[in-house]
Amino acid sequence: MKQKKIFTAFLSIILLTIFLGCAGTPKKEGTGEYLDDTVITTKVKTAILAEPTLKSSEINVETFKGIVQLSGFVESPTDINKAVEVARKVEGVKSVKNDMRAK
């Protein structure tokens, strides 16, 4: 009986250590968060590519903890606003940081 309690305690410590190792921090992402951000980035890029008014080859998309950062160059301020609008509509996007510039 005593061995069973020791084994259970040991197993609990191991599992706790594993789960804490996967947790994100304010400056780093956990594995699950990284995958979520990758999915969001892909969805935003797809949405921008699907928008016929945007020249998307010059728009870069990065995501960290649901915050999307758009950078690069577009033809006009109208294109900047359109890209931000498209990105905000994507599921999972918490906010959009705009670092794009008009040519």
- Item | Longest to shortest principal axis, alpha-carbon extents of region 26-102, angstrom | 37, 22, 18
- Provide Leu49, Leu70 in ascending order of the number of other Cβ atoms located within 10 Å of each residue's Cβ, fewest first. Leu49, Leu70
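Please compare each pair in Lys43/Lys82; Lys65/Lys103; Lys65/Lys97; Lys45/Lys97 to a cut-off of 18 Å on the Cα-Cα distance and tell me which ones are over it.
With Cα atoms farther than 18 Å apart: Lys65/Lys103.
Rule-based calculations on the coordinates, nothing more; no lab input. In this text the structure is predicted, and so the values were computed from the model without any measurement. Heads up, the Cβs are rebuilt from the backbone with ideal geometry, glycines too, and the neighbour counts pull from every protein chain shown.
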